[in-house]
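> If you scroll down you'll find the structure; I have some questions about it.
The values are calculated or read from the model by the stated rules, or taken from the named source; none is laboratory data. Note that the structure is predicted; figures quoted are calculated from it, not measured. A quick note on method: Cβ atoms are made from the backbone with ideal geometry, for glycine too, and the neighbour counts reach across all protein chains shown. The area values use the complete protein model at the heavy-atom level, side chains included, leaving out ligands, DNA and RNA. Shrake-Rupley method; radii C 1.70, N 1.55, O 1.52, S 1.80 Å.
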Amino acid sequence: MLHSTKRTAALLGGVLIAVLAGCGIPAEKGKAEAGGTEAAAPRVVPDNPTPDRVTPPGLAGMPPVLDPKDVYAADRAGMMSPVVKNFPARVYVPNTKSNTVSVIDPKTYKVIETIPVGHQPQHVVPSWDLKTLWVNNDLGDSLTAIDPATGKAGRTVAVSDPYNLYFTPNGKYAVVMASMDRQLVFRDAHTMKKARTVPVDCAGVNHADFSTDGRYFIVSCEFSGELLKVDTAKMKVIGRQKLPLKGAMPQDVKLSPDGGTFYIADMIANGIWVLDGQKFDRPKLLRTGKGAHGLYVSRDSKEMYVTNRGEGSISLFDFAKRKLTKKWHLPNGGSPDMGGVSADGKVLWLSGRYNAEVYAIDTATGKQLARIAVGSGPHGLAVYPQPGRYSLGHTGVFR
């Protein structure tokens, strides 16, 4: 994720190939960040920062959990916030190589508008208050705001290296995943004014998810094959571990509905790591398919869709059974990457990273409903609006 003018370090050929196969980082960035894959960082055992009997039950200011057995209880079909109820249904697709956002009407499966944005837009991220969509212009060092009520681009805010973007569950801070800068940057959730910068030793911070109580979050470090545990209130790294697989490249992170497990997709391990976030001990690997990448929860919280980018398939994981139950293959192949589920839960929308297209998939049958041509290098598309009280960021993680 490096600006060519910032770093020019050369790498061994094998490392370079692994890096360029990652989460869509350009060659210039990949060269610098891949250096982290050579050094096996020592595991730091967390100091048990979240003892339930000592600290409050949740992050201060966070909306109360509706159902402790299902963190996605507010995400059912039809449970639209008053904030978004009049927003038109759209699919916003950032095209990393075209520097545009394609806007798709999900009713017609047609691109209805193309919005010019900054250099290398990686993800389209719903704000915590649901009022804004932030386009992460990674190499452009900026965020472009889109008004979901009109679909029009607004202000652009200068932000260094915004590869990905999350929001603390209390809505106080935005957390920029500054992969190239090797930082987690906490910013005011509305103005994006910098509040605190947290340097990290791992390479390629890119995805995350929060615990049920919001007191900590797990971060994946793509290029050094590591995981971080971060105290939300203290804005401090409290745990770090190397994944037990040489060359591991962790991607998307998702909390189980019951809050007991974090799942981390890994495109080199070809599966998902199963982690106890509280203990932060050694995770176990469940193979799903080649190039496991994105993780999306069904509207009823019963299943998780795992995109296998390297083989053009989607694996279905049953939360209750804790096992894989199905695998859908895209006709004529493809490169399913990032996306989201429609508001009614009937369609899974995914970007085709290396095919300049978007896939619409029937969640009842796995049938491909449409394959839509978009710009070059489509990545973290956002289906919007969706049910939920607030957004934790990424392409739409709602609670």
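> May I ask you to list the residues in region 202-216 that are in contact with an Asp or Glu (Cβ under 6 Å, 6 or more places away or on another chain) and of a type outside the set (Gly, Ala, Ser)?
Of region 202-216, the ones in contact with an Asp or Glu (Cβ under 6 Å, 6 or more places away or on another chain) are 202-204, 206-207, 216.
CYS202, ASN206, HIS207, TYR216 - these are the residues of region 202-216 that are in contact with an Asp or Glu (Cβ under 6 Å, 6 or more places away or on another chain) and of a type outside the set (Gly, Ala, Ser).
> Within region 152-177, work out how many residues are open to solvent by 10 Å² or more (accessible area, probe 1.4 Å) and over 13 Å from THR232 (Cβ atoms).
8
> Take residues that are out of contact with any helix residue (DSSP H, G or I) (no Cβ under 6 Å at 6 or more places or on another chain), over 19 Å from TYR72 (Cβ atoms) and free of Cβ contacts under 8 Å to residues at least 24 places away in the same chain and tell me which of the strands (runs of 3 or more DSSP E) falling wholly in region 273-325 contain 2 or more. First the steps, then the outcome.
Working: elements: 284-287, 292-297, 303-308, 313-318.
Where strands (runs of 3 or more DSSP E) fall fully within region 273-325 and carry at least 2 residues being out of contact with any helix residue (DSSP H, G or I) (no Cβ under 6 Å at 6 or more places or on another chain), over 19 Å from TYR72 (Cβ atoms) and free of Cβ contacts under 8 Å to residues at least 24 places away in the same chain, they are 284-287.
> Being buried (at least 24 other Cβ atoms within 10 Å of the Cβ) and part of a loop (DSSP other than H, G, I, E, B) is the filter here; which residues of region 251-268 pass it?
Within region 251-268, MET267 is the sole residue that qualifies.
> Which one is most open to solvent (accessible area, probe 1.4 Å), of the residues in region 332-360 that are in contact with a Lys or Arg (Cβ under 7 Å, 6 or more places away or on another chain) and assigned to a strand (DSSP E or B)?
Residues of region 332-360 in contact with a Lys or Arg (Cβ under 7 Å, 6 or more places away or on another chain): 335-337, 341, 345, 353, 357, 359.
Applying the additional criterion that residues be assigned to a strand (DSSP E or B) yields 336-337, 341, 357, 359.
Numbers: PRO336: 0, ASP337: 0, VAL341: 6, GLU357: 24, TYR359: 0 Å².
Among those that are in contact with a Lys or Arg (Cβ under 7 Å, 6 or more places away or on another chain) and assigned to a strand (DSSP E or B), it is GLU357.
> Look through region 290-327, keep the residues that are on the phi > 0 side of the Ramachandran plot and over 17 Å from the mean Cα position of the chain (by Cα), and return whichever of them is surrounded by the fewest Cβ atoms within 10 Å (Cβ to Cβ).
Taking region 290-327 and keeping what is on the phi > 0 side of the Ramachandran plot, we get 291, 301, 312, 322.
Restricting the remaining residues to those that are over 17 Å from the mean Cα position of the chain (by Cα) gives 301, 312, 322.
Values: SER301: 20, GLY312: 22, ARG322: 11.
Per the criteria, the residue is ARG322.
> Moving on. Name the residues in region 80-128 that are open to solvent by 40 Å² or more (accessible area, probe 1.4 Å), charged (D, E, K, R) and touching a strand residue (DSSP E or B) at 6+ places or on another chain (Cβ under 8 Å), would you?
Correct list: ARG90, LYS110, GLU113.
> I would also like to ask the following. Inside region 373-389, can you point out the residues that are open to solvent by less than 10 Å² (accessible area, probe 1.4 Å) and more than 16 Å from TYR296 (Cα to Cα)?
Result: GLY377, PRO378.
> Here is a list of conditions, (1) in a loop (DSSP other than H, G, I, E, B); (2) touching a residue at least 12 places away in the same chain (Cβ under 8 Å), and PRO82 meets all of them except one; can you say which number that is?
(2)
> Sort out which residues of region 205-250 are of a type in the set (Lys, Arg) and open to solvent by 10 Å² or more (accessible area, probe 1.4 Å), and write them in order of number. Steps first, please.
Of all residues in region 205-250, those of a type in the set (Lys, Arg) come to 215, 229, 234, 236, 240, 242, 246.
Across region 205-250, the qualifying residues are ARG215, LYS234, LYS236, ARG240, LYS242, LYS246.
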